[in-house]
Amino acid sequence: MGFFDFMTEDIAIDLGTANTLIIHNDKVVIDSPSIVARDRITGKIIAVGKEANMMQGKTHENIKTIRPLKDGVIADFDASEKMINMFIKSIPALKKKMFTPALRMVVCIPSGITEVEMRAVKESCERVNGKEVYLIHEPMAAAIGIGVDIMQPKGNMIVDIGGGTTEIAVIALGGIVCDKSVKIAGDVFTNDIIYYMRTQHNLFVGETTAEKIKIAIGAATEDLDTPPDEMEVQGRDLLTGKPKQVNVSYREIAKALDKSIQRIEDAVMETLSQTPPELAADIYNTGIYLAGGGSMLRGLDKRISQKTDLPVYIAEDPLRAVVRGTGMALKNLQKFRSILIK
């Protein structure tokens, strides 16, 4: 292999429904929304990532914004491939190279994914010059990223709330013992907020605005220790058709999200109930780890903790826990060979 080694670059990718992150040389070099904008007439991709995200909901008929991933899996094969390609091409260190180097990649995938969907991810990567492509299950990557030693004969519970899916897994001995993947996550929260604004305030808001509300005042319970201030929300009045503004408090958002969070709680409870007793004993001592953007919802840790009577810890920098773990798996390919899917 010798000669090819220096022509091969290692990259770790967290291909998420909402955000795609890429690590190269131990640094996060890409952290962008998973969205592309396509020119309807020529079919060309005109923008990707943050640029395309700013166009979301503001396009005319010749531009279409596409989110190539839905529920954690590739929905639009062509767009996802172009997106990955553009992200990889925009990595500063790879731009300098005269020709595209061969890539060794580790990509993470949801645990509830089918063979076909898995192959779609793999083929997408192979077509952007991935010579060796390894896949790793998301909860696994999250666990490594949080800093759990997953090879130990100890049970750890990970709840990774992403954009498209919530992955819940109990991990021991470098494997997933029991897991559950539910399609209730960040995107559903955003839609809950849109629906709530429509029904309670007669206000029609777009996805971008709903997302901003979620980040600014989103909450999982109505009794927070340090509640955020009210937020002014602008949108279109459904009755008069005029633009209007209303004030929204975190309590309302907690109400809006309640049903969806209940379903995540139920999934956590169900996973706990399927856990072998020895591992359940471990989890009683180690608690539950939260990762992913959804874990930043105010009071969610407290709420899950009350429901399960277990300590709940939020990963530091939860948005990047998965890609950090993917990057570590890439660095220690030998150590983690057993958990990677070739």
Review point. When the residues of region 292-325 are filtered to those that are polar (S, T, N, Q) and more than 13 Å from the chain's Cα centre (by Cα), which remaining residue is most open to solvent (accessible area, probe 1.4 Å)?
Key: GLN306
Check your understanding: Which of (1) over 24 Å from ILE304 (Cα atoms); (2) out of contact with any Asp or Glu (no Cβ under 7 Å at 6 or more places or on another chain); (3) open to solvent by 10 Å² or more (accessible area, probe 1.4 Å) is the odd one out, the single condition GLU211 does not satisfy?
Key -> (1)
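Check whether at least one residue in region 282-291 is open to solvent by 80 Å² or more (accessible area, probe 1.4 Å), hydroxyl-bearing (Ser, Thr, Tyr) and either in contact with a Ser or Thr (Cβ under 8 Å, 6 or more places away or on another chain) or part of a helix (DSSP H, G or I) (or both), and report yes or no.
yes
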Point to revise | All positions within region 93-102 that are closer than 20 Å to VAL48 by Cα and open to solvent by 70 Å² or more (accessible area, probe 1.4 Å) | key: LYS95, THR100
Revision key, fill the gap. All-but-one check, ALA141 against (1) surrounded by fewer than 18 Cβ atoms within 10 Å (Cβ to Cβ); (2) within 20 Å of ILE84 (Cα to Cα); (3) under 19 Å from the mean Cα position of the chain (by Cα), failing number (1)
Check your understanding: With respect to ILE136, is the statement that it is among the hydrophobic types (A, V, I, L, M, F, W, C), touching a Cys at 6+ places or on another chain (Cβ under 9 Å) and either surrounded by fewer than 21 Cβ atoms within 10 Å (Cβ to Cβ) or not in a loop (DSSP other than H, G, I, E, B) (or both) true?
Key -> yes
Practice item. Return the total of residues in region 59-78 being modelled with pLDDT of 90 or more and either surrounded by fewer than 22 Cβ atoms within 10 Å (Cβ to Cβ) or assigned to a helix (DSSP H, G or I) (or both). Key: 8
Practice item. Return only the number of the condition from (1) surrounded by 16 or more Cβ atoms within 10 Å (Cβ to Cβ); (2) within 21 Å of ARG303 (Cα to Cα) that PRO228 does not satisfy. Key: (1)
Review point. Can you name every residue in region 6-34 that is out of contact with any strand residue (DSSP E or B) (no Cβ under 8 Å at 6 or more places or on another chain) and hydroxyl-bearing (Ser, Thr, Tyr)?
Key: none
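Being β-branched (Val, Ile, Thr) and under 24 Å from ARG320 (Cβ atoms) is the filter here, so list the residues in region 103-156 that pass it.
VAL106, VAL107, ILE109, ILE113, VAL121, VAL128, VAL133, ILE136, ILE144, ILE146, VAL148, ILE150 - these are the residues of region 103-156 that are β-branched (Val, Ile, Thr) and under 24 Å from ARG320 (Cβ atoms).
Is it the case that some residue within region 96-112 is of a type in the set (S, T, N, Q), touching a Ser or Thr at 6+ places or on another chain (Cβ under 8 Å) and within 22 Å of ILE74 (Cβ to Cβ)?
Initial filter on region 96-112 (of a type in the set (S, T, N, Q)): 100, 111.
Still in the list and also touching a Ser or Thr at 6+ places or on another chain (Cβ under 8 Å): 111.
If we keep only those that are within 22 Å of ILE74 (Cβ to Cβ) as well, we get 111.
Yes.
Give me a count of the residues in region 148-178 that are of a type in the set (Asp, Glu) and open to solvent by 10 Å² or more (accessible area, probe 1.4 Å).
Residues flagged as of a type in the set (Asp, Glu) and open to solvent by 10 Å² or more (accessible area, probe 1.4 Å) within region 148-178 amount to 1.
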Practice item. Return the only residue of ASP282, ASP309 being over 20 Å from ASP179 (Cβ atoms) and assigned by the TED database to the domain that holds LYS180. Key: ASP309
Point to revise | Matching residues in region 37-49 - criterion: being within 19 Å of ILE11 (Cβ to Cβ) and part of a strand (DSSP E or B) | key: VAL48
Study note, to complete from the structure: Those residues of region 151-162 which are of a type outside the set (S, T, N, Q) and more than 16 Å from LYS180 (Cα to Cα) amount to MET151, PRO153, LYS154
Exercise for review: Just give me the residues in region 114-131 being touching a helix residue (DSSP H, G or I) at 6+ places or on another chain (Cβ under 9 Å) and either without any contact (Cβ under 8 Å) to a residue 60 or more places away in the chain or part of a helix (DSSP H, G or I) (or both), in sequence order.
Suggested key: ALA120, VAL121, GLU123, SER124, CYS125, ARG127, VAL128, ASN129, GLY130
Practice item. Would you check if there is a residue in region 154-172 being assigned to a helix (DSSP H, G or I), over 22 Å from LYS335 (Cβ atoms), at pLDDT 90 or above and of a type outside the set (Lys, Arg)? Key: no
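The values are calculated or read from the model by the stated rules, or taken from the named source; none is laboratory data. Model, not experiment: these values are computed from the prediction. Every residue, glycine as well, gets a Cβ built from its backbone with ideal geometry; the counts of neighbours run over all protein chains shown. Protein only, heavy atoms only, side chains kept; ligands, DNA and RNA dropped before computing areas. Shrake-Rupley method; radii C 1.70, N 1.55, O 1.52, S 1.80 Å.
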